[in-house]
Protein chains: 2
Amino acid sequence: MKAEGKGDMKREHEILIGFLKQKGLKQTDQREKILDIFLSNVKHVSADELHATIRKSDPRIGFSTVYRTLKILTECGLAREVNFGDGRARFERALDKGQHGHLICTNCGKTEEFAIATIEKSIKQISTNVGFRPLGHRLEVYGLCKRCQ
Amino acid sequence: MKAEGKGDMKREHEILIGFLKQKGLKQTDQREKILDIFLSNVKHVSADELHATIRKSDPRIGFSTVYRTLKILTECGLAREVNFGDGRARFERALDKGQHGHLICTNCGKTEEFAIATIEKSIKQISTNVGFRPLGHRLEVYGLCKRCQ
DNA sequence: CTTATCATTGAATATGAATGTCAATTTCAG
DNA sequence: CTGAAATTGACATTCATATTCAATGATAAG
């Protein structure tokens, strides 16, 4: 389970700490640990799944804390919420990850990411045309992956 | 509350009836009535909201029936499920409506639609490149509408 | 260091949408 | 008509999400 960019994880921690300070919130071991494990996870995790993983290294961390911390991470731009139509929120790393869409196989559930530089441009243009200021977007494509066709 | 395309609503009914027959399901007054009211509704409705509206003209129709019928309408291509991040599924008319994205104001909740012909083209191309067969997609842009900026 | 203050934690509980159950009813083919 | 099979609607269940609260922990001021 190799973590991508693990050598640079300090930066994420600084962002979290800065955010907490700025908001008058407190820096706790739990929050740091949750961020660590979230970052070392490659897949899109739900709060539940992340909690299960964290339990293995520290069984004393409760679900609520994981749940609440994921919200904080989303607020400070370290995580991004995505939705694959399976009825639960999933979170993916947001920092240093270009905007992208998801290809979701409705048969086997496999997901794949794809870059959307051009699409993003269109979105900006269209939005500006109608006076809307876009702050984020979600593009999910449902269909059949190569194997399931 | 003017319904768009009300004069042509027979076509939708034929589609529903055809679908039911083909699947060995039965044609009922409730299903027809739910389709009628769904079509005459301009906004994106949740199952709950649609049920509330229907109750006014026929209080004997239950929530379960509305809920299940919305699923049927989605299956036969008359409705499309959309998600505005408010934690409940919403449904919009699908027939005779080109694919489009949604601009969702995160402040006031107002939603606006926009055409995505170009974006759709990109999606098809990208998908084909990786061997994925796209069957549908959802594009939601979050931001601030003109008034909320 | 000590203390006072206020946020955090985690277990339990509440909420609310989505879905399942089932007896009574309705549809529809024969 | 009649019987088999689907539908209905009230209710119950499930499940993710959100909240509550007493105990604990973090932080700033003295």
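Computed quantities for the displayed model
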{"read-out": "Pairs, first without any contact (Cβ under 8 Å) to a residue 60 or more places away in the chain in region A:17-33, second not in a helix (DSSP H, G or I), C-beta under 6 Å, six or more apart", "value": "A:ILE17/A:GLN27; A:PHE19/A:CYS76; A:LEU20/A:GLN27; A:GLN30/A:ILE61"}
{"read-out": "Residues (part of a loop (DSSP other than H, G, I, E, B), of a type outside the set (A, V, I, L, M) and modelled with pLDDT of 85 or more) located in region A:108-144", "value": "A:GLY131, A:PHE132"}
{"read-out": "Selection from region B:22-50 of residues that are buried (at least 17 other Cβ atoms within 10 Å of the Cβ) and more than 10 Å from DNA strand C (Cβ to nearest atom)", "value": "B:LYS33, B:ILE34, B:LEU35, B:ASP36, B:ILE37, B:PHE38, B:LEU39, B:ASN41, B:HIS44, B:VAL45, B:LEU50"}
{"read-out": "Filter result (more than 11 Å from the chain's Cα centre (by Cα) and surrounded by fewer than 17 Cβ atoms within 10 Å (Cβ to Cβ)) within region B:54-74", "value": "B:ARG55, B:LYS56, B:SER57, B:ASP58, B:PRO59, B:ARG60, B:GLY62, B:PHE63, B:SER64, B:TYR67, B:ARG68"}
{"read-out": "Matching helices (runs of 4 or more DSSP H) fully within region A:23-107 where at least 3 residues are within 14 Å of chain B (Cβ to nearest Cβ)", "value": "A:63-75"}
{"read-out": "Qualifying residue in region B:118-126 (condition: of a type outside the set (S, T, N, Q), crowded, with 17+ Cβ neighbours inside 10 Å and more than 7 Å from chain A (Cβ to nearest Cβ))", "value": "yes"}
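The values are calculated or read from the model by the stated rules, or taken from the named source; none is laboratory data. Everything numeric here is computed off the predicted structure, so don't read it as measured data. Virtual Cβ from ideal backbone geometry, glycine too; neighbours counted across all protein chains shown.
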